[in-house]
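Novice: Mind having a look at this structure? Questions to follow.
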Amino acid sequence: KFMADPPGSGNCDGSGFYTVEDKVEISAKANDGWGFKSWDNGEETSERTITVSEEEVANTFTAKFVKRITVTVEVNNEEGGTVTGGKVYDAGDQATLTATTNSGWRFTGWEDGSIANPYVITVPDEDTTYKAIFVEQVEVEAEADPTNGGYVLGADTYDANSPVTLTAIPYNGWRFNGWFQDGFITNT
């Protein structure tokens, strides 16, 4: 006799009526969306040979199956980097997702709010998608003109489209005249 655990997760080839001491090949086959895990005795090979016993309870075999889950990985911008770790797993397994950043970009975290990298997840009971968020980096240059008139704070590399504060500090005897870009005043 064959049983699937949980019910409906698979079936068995080899069930039937046999003579005591017969050697019988049985094999567990998972239904769609499931994977074979082990037999009730812990054996992890889906195909096995059993010897038919006089005791009915000794002729009952349970195959344990586990849900197979697709973990999909994506990026918000393909220019920003790549992600690995997406594949089919057993529900409840640990999966490691890793984001690799391209030059000129920064990994800011995952769409679900985690900033871990690599990101170790417990695979849920249903197909799931994880998205890595990359932000382009932009270098902001600012300098005093003339350089002996003062200095500027805030020049650095920033996330694209983020606010930046630049501060002009004049030396004694000098005053701030305004911000110029490409020779034209942009802000006083």
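Novice: Can you go through VAL71, VAL83 and tell me which one is within 28 Å of ALA28 (Cβ to Cβ), open to solvent by less than 70 Å² (accessible area, probe 1.4 Å) and modelled with pLDDT of 95 or more?
Specialist: Going through VAL71, VAL83 in turn, the sole match is VAL71.
Novice: Out of the residues in the stretch 1-27 that are free of Cβ contacts under 8 Å to residues at least 24 places away in the same chain and more than 44 Å from the chain's Cα centre (by Cα), which is least open to solvent (accessible area, probe 1.4 Å)?
Specialist: Looking at residues that are free of Cβ contacts under 8 Å to residues at least 24 places away in the same chain and more than 44 Å from the chain's Cα centre (by Cα), I get GLY16.
Novice: For the stretch 6-33, which residues satisfy the criterion of being farther than 22 Å from TYR89 by Cβ and in a strand (DSSP E or B)?
Specialist: ASN11, CYS12, ASP13, LYS23, VAL24, GLU25, ILE26, SER27
Novice: A further question on this structure: With a cut-off of at least 1 residues that are at negative phi and touching a residue at least 60 places away in the same chain (Cβ under 8 Å), name the strands (runs of 3 or more DSSP E) lying wholly within the stretch 34-108.
Specialist: Answer list for the stretch 34-108: 61-75.
Novice: In the list ASN77, ASN117, which residue meets the criterion of being surrounded by 12 or more Cβ atoms within 10 Å (Cβ to Cβ), under 30 Å from ASP156 (Cα atoms) and more than 12 Å from the chain's Cα centre (by Cα)?
Specialist: Unique residue meeting the criteria: ASN77.
Novice: Check TRP39, TRP110 and return the single one that is open to solvent by less than 40 Å² (accessible area, probe 1.4 Å), under 33 Å from the mean Cα position of the chain (by Cα) and at pLDDT below 95.
Specialist: TRP39
The values are calculated or read from the model by the stated rules, or taken from the named source; none is laboratory data. Predicted model only: the values in this text are computed from it and were never measured. Note that we place each Cβ from the backbone using ideal geometry, even for glycine, and neighbour counts take in every protein chain shown. For accessibility, only protein heavy atoms count, side chains too; no ligands or nucleic acids. Shrake-Rupley method; radii C 1.70, N 1.55, O 1.52, S 1.80 Å.
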